[in-house]
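Please read the structure below before turning to the comments.
The values are calculated or read from the model by the stated rules, or taken from the named source; none is laboratory data. For clarity, every value in this text was computed on a predicted model and none was experimentally measured. Here the Cβ is made from the backbone with ideal geometry for all residues, glycine too, and neighbour counts use every protein chain on show. Heads up: the accessible areas ignore ligands, DNA and RNA and are worked out on the full protein's heavy atoms, side chains in. Shrake-Rupley method; radii C 1.70, N 1.55, O 1.52, S 1.80 Å.
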There are 2 protein chains.
Amino acid sequence: MRIRDEEKVSLVKQKAIEGIVEYGFEGFSMNKLAKACEISVATLYIYFKGKDDLIISIAREEGDRMAAVFIENFHPDLSFEEGMRIQWINRYRYLQQNPITYLFFEQLRTSSYQVRFLEDFMVKFKVVISAFMHNVVSRGEMNAMPLEVFWSIAYGPLYSLVRFDQEGQSIGGKPFKMSDEVLWQTFGLVIKALKN
Amino acid sequence: MRIRDEEKVSLVKQKAIEGIVEYGFEGFSMNKLAKACEISVATLYIYFKGKDDLIISIAREEGDRMAAVFIENFHPDLSFEEGMRIQWINRYRYLQQNPITYLFFEQLRTSSYQVRFLEDFMVKFKVVISAFMHNVVSRGEMNAMPLEVFWSIAYGPLYSLVRFDQEGQSIGGKPFKMSDEVLWQTFGLVIKALKN
DNA sequence: ATTTTAAATGAATGAATATTCATTTATATT
DNA sequence: AATATAAATGAATATTCATTCATTTAAAAT
């Protein structure tokens, strides 16, 4: 029995992400992907059931990797500031080290594959973040608020900032460049907003 | 001379936005759009030079409408809290009254048309928001910070919250529903973060 | 060395894509 | 009423799309 070339499978996944990020879903096709990988289109249909399966499989796999990073060193019973800091470190590190994959997720989020992916992903955090918030509130470190409000204040600015950095949108005079200093300056303001 | 049916042109623009939002750029085509409008495909090429021109024209037009709303009643020399409140009111009102158009912009932002649109749009705000921030800082109402940091804290949470509302992503137990109360609760926290 | 089995392929499929064109239709001007 | 002119069309274009299939290739098992 011939054995499957796992390197080729990895190449397909990587090139798919790159292609989708570069040309959008509207400029992505199975034929182009095969060409970019220098394999036959038919081979793609050995690895995946079809285009949808390919995209969703990759999304799920990368989503799991991302979720794993986000959750590193984090426990729901950490102090408010320490828990928040670890969440910011984890997210920032992932976004910096996986800029392409992050843009891939941004594509997904506004595509027709959105729903099927996001549900799976969110479930993993719902419980742990929810528990963290509950603990922090019951210790009086933060006021009670809807989970979505907390999420928006706690992480909204971080994602916004990373987007400025990655998309190179300079709204200020000089082009914006992310740095540890800017990151923690922003973090400080977020803590100020949430902390009692 | 036969006269152009402007209602038909409007219908095309509206259906284009709806189609792109519903099926994404990957599920949008000139033929489908024509069918949805019950006109000939060829007619689309009388209104627009082609697919790209159609999308960019619509984006620019809607962008101008949005920019106009955002800027209503706003002056760079308003007090910190008043200026911020007006920005939040304007943005929130637009997002609530134009949920589809907002999702259309979200699609654009992560598509291959991104750059051509965003540059035009941002330019309109750069100056006025920049001036507002400068005034506020020089009056000592807020500490100096990069414009991007300000933007991320000031508006990041609002957009994040609206997204929770519109995409119906319930990360909390019960499905999240936006309300004036939640909006101003979040606004209060943002002010707390930024105000000296 | 032969057999078995799944991987990999090249070429093809019909459907959908963006765009064009010769023709028809409606209206403003003469 | 006749003419001029741009709007609107239906049908066609070549190209690209996702998917399939008969065939070949490589390696594990015999």
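Tabulated values for the structure
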{"read-out": "Inter-copy spacing of A:SER112 label points, which lie 7 Å from Cα along Cα→Cβ, given in nm from shortest upward", "value": "1.8"}
{"read-out": "Value of relative contact order over the range A:60-194, rounded to a whole percent, pairs C-alpha under 8 Å and six or more apart", "value": "27 percent"}
{"read-out": "GNM top mover of B:ALA154, B:ALA68, B:ALA16 - chain B, alpha-carbon springs below 10 Å", "value": "B:ALA68"}
{"read-out": "Peptide B:25-34, shielding by other chains (average Cβ, 10 Å cutoff)", "value": "3"}
{"read-out": "Under the Debye formula (equal points on every Cα, no solvent term), log10 I(q)/I(0) of the range A:2-128 at q = 0.12, 0.14 Å⁻¹", "value": "-0.52, -0.68"}
{"read-out": "Translational D in µm²/s for the range A:55-138 (Stokes-Einstein at 37 °C, 0.692 mPa s, Kirkwood Rh from C-alpha pairs)", "value": "240 µm²/s"}
{"read-out": "Within the range B:96-161, trypsin sites (Lys or Arg not before Pro) in DSSP loop having at most 15 other beta-carbon neighbours inside 10 Å", "value": "B:ARG139"}
{"read-out": "Residue mean of other protein chain beta carbons inside 10 Å, A:174-183", "value": "2"}
{"read-out": "Average beta-carbon neighbours from other chains, 10 Å sphere, peptide A:155-167", "value": "5"}
{"read-out": "Cα gyration tensor, the range A:60-194 - rounded (a/c under 1.5), prolate or oblate", "value": "oblate"}
{"read-out": "For chain B, calculated [θ]222 nm from helices alone, where every DSSP H run of n ≥ 4 adds -39500 (n - 2.57)", "value": "-24500 deg cm²/dmol"}
{"read-out": "Enclosed volume per residue, in Å³, of the convex hull spanned by Cα atoms of the protein assembly as shown", "value": "169 Å³"}
{"read-out": "Accessible area per residue, Å², the protein assembly as shown with all protein chains present, probe 1.4 Å", "value": "48 Å²"}
{"read-out": "Ascending list, in nanometres, of distances separating the A:ASN196 label from those of the other copies (7 Å, Cα toward Cβ)", "value": "2.9"}
{"read-out": "For the range A:33-82: rounded, prolate or oblate by the Cα gyration tensor [a/c cutoff 1.5]", "value": "prolate"}
{"read-out": "7 Å along Cα→Cβ, label-point gaps from A:SER79 to other copies, nm, shortest first", "value": "3.6"}
